[in-house]
1. Which ones in the range 129-145 are part of a helix (DSSP H, G or I) and of a type outside the set (A, V, I, L, M, F, W, C)?
2. Assess whether Leu98 counts as being closer than 21 Å to Thr239 by Cβ and assigned to a helix (DSSP H, G or I).
3. Does the range 155-184 hold any residues that are in a helix (DSSP H, G or I) and either free of Cβ contacts under 8 Å to residues at least 24 places away in the same chain or surrounded by 19 or more Cβ atoms within 10 Å (Cβ to Cβ) (or both), and which are they?
4. Return the residues of the range 1-26 that are within 25 Å of Arg73 (Cα to Cα) and exposed (fewer than 15 other Cβ atoms within 10 Å of the Cβ); say none if nothing qualifies.
5. Name the one entry in Trp222, Trp212 that is touching a residue at least 40 places away in the same chain (Cβ under 8 Å), in contact with a helix residue (DSSP H, G or I) (Cβ under 7 Å, 6 or more places away or on another chain) and in a strand (DSSP E or B).
6. Taking Tyr182 as the residue in question, decide whether it is touching a Cys at 6+ places or on another chain (Cβ under 8 Å) and within 23 Å of Val256 (Cα to Cα).
7. Working only within the range 134-175, note down all residues that are over 18 Å from Pro227 (Cβ atoms) and either at pLDDT below 75 or hydroxyl-bearing (Ser, Thr, Tyr) (or both).
8. With the requirement that a residue be surrounded by fewer than 24 Cβ atoms within 10 Å (Cβ to Cβ) and not acidic (Asp, Glu), what does the range 83-94 give you?
Amino acid sequence: MTQPLRVDELLAAARAKAGSDEFGDEWFLEPLCALVTSLNDEARLSELGLAMTRRRLTALLVDRLRLRALQRRHPEILDVEVDLAAEICGLPRTGSTLMHRLLAASPRLTSTLSWETAYPIPFPGEAPDAPERKRRAQERTRMFLELSPDFGDIHTIEWDGPEEDVILVDRSFASMSFESFYWVPGYGDWMRTADQARAYRELREWLQVLRWQDPARAGRRWVLKSPHHLTAVATVLDTFPDCKIVMTHRDPVKAVPSYASMVRTICAQYSESVDAAAIGRYWSERFAHALRDFASVRAARPERFVDVRYDALVADPAAQAGRVLDALGLPPNADDEAAFADYLVRNGAQSRSAHHYTTADFGLSEQRLERDFAFYTEVYL
């Protein structure tokens, strides 16, 4: 019988691998314990899934140790300025990835890249252009797509392209990523009531590390993206007082089952027992709760939000990206427009198969979704 995950064993393995035992503030143990409990009790991990999860959690802990070690060696990192122009969020499958990659193409903006969210800290002796981390990121992407061959038809992965900053937040263990990769409703309940302020302070620290490594980012503002930020909109605004929330809007009747399909695909990597109907119900309730919280925060600080409708984005992506840039105080220029056009050509050249699913596959109905999200659609769609 496989052994369950144990927090003390994960910590010990990370300390041994990192050659360090200085985690700093151990506030992260609460979310880690909540996650491990849920993984053991609810996730129905396969033998392979358990092994991959143990490696992943250990690697995240190692990165925490390596972050603290790097900060001790280079205290100047803590003085690096983080100028966040925007966090793009919205329900998954609402065009937020397209908007993110368009804006990240602007020469005046920068974003977290896939390889550096996977490996944010230089390996000992590694050259400044990070050849080993990039090699590992390419291999990691290849293996992920082998385990989930349909995933690339749902969400395009570019190992060297812009990627969600929530992958950095994973190292706090307070992240919606874990709800998307595993069946962990107990952990999700914990997340709904958690104060994520310390996780977002650590996100700022990770951005400092990335900016410190790359002088080419000087003078460029960050544009980041993840649906996770819907779970902590007020915290985002408090942590980054100059940033705006760019909110992408699409009918939840389309967005919710599409995301449930993605989650089912990912969860199948880790468990041989995946309940599609349970996944559908869970994410329908999760997103309805998040959107209600979003509405209350927005009502208090409306000047911090920029709206993008999915249909308008699909009809003219470059125009919508330019409109958002203008709202961020960066009126688009010829270089921005050329960068948008170049990205759209590259994106259009990527081959994708059709993404097949039905609402009923996930125990949902269009009528129920329309009713449950009417409070949102009546205002924003």
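The values are calculated or read from the model by the stated rules, or taken from the named source; none is laboratory data. Every value quoted in this text rests on a predicted model; they were computed, and no experiment measured them. Here the Cβ is made from the backbone with ideal geometry for all residues, glycine too, and neighbour counts use every protein chain on show.
1. Residues satisfying the conditions are Pro131, Glu132, Arg133, Lys134, Arg135, Arg136, Gln138, Glu139, Arg140, Thr141, Arg142.
2. The answer is no for Leu98.
3. Val166, Ile167, Leu168, Val169, Asp170, Arg171, Ser172, Met176, Phe178, Glu179, Ser180, Phe181
4. Within the range 1-26, Ala12, Ala16, Lys17, Gly19, Asp21, Glu22, Gly24, Asp25, Glu26 meet the criteria.
5. Unique residue meeting the criteria: Trp222.
6. For Tyr182, the condition - touching a Cys at 6+ places or on another chain (Cβ under 8 Å) and within 23 Å of Val256 (Cα to Cα) - is met.
7. Thr141, Leu147, Ser148, Pro149, Asp150, Gly152, Asp153
8. Leu84
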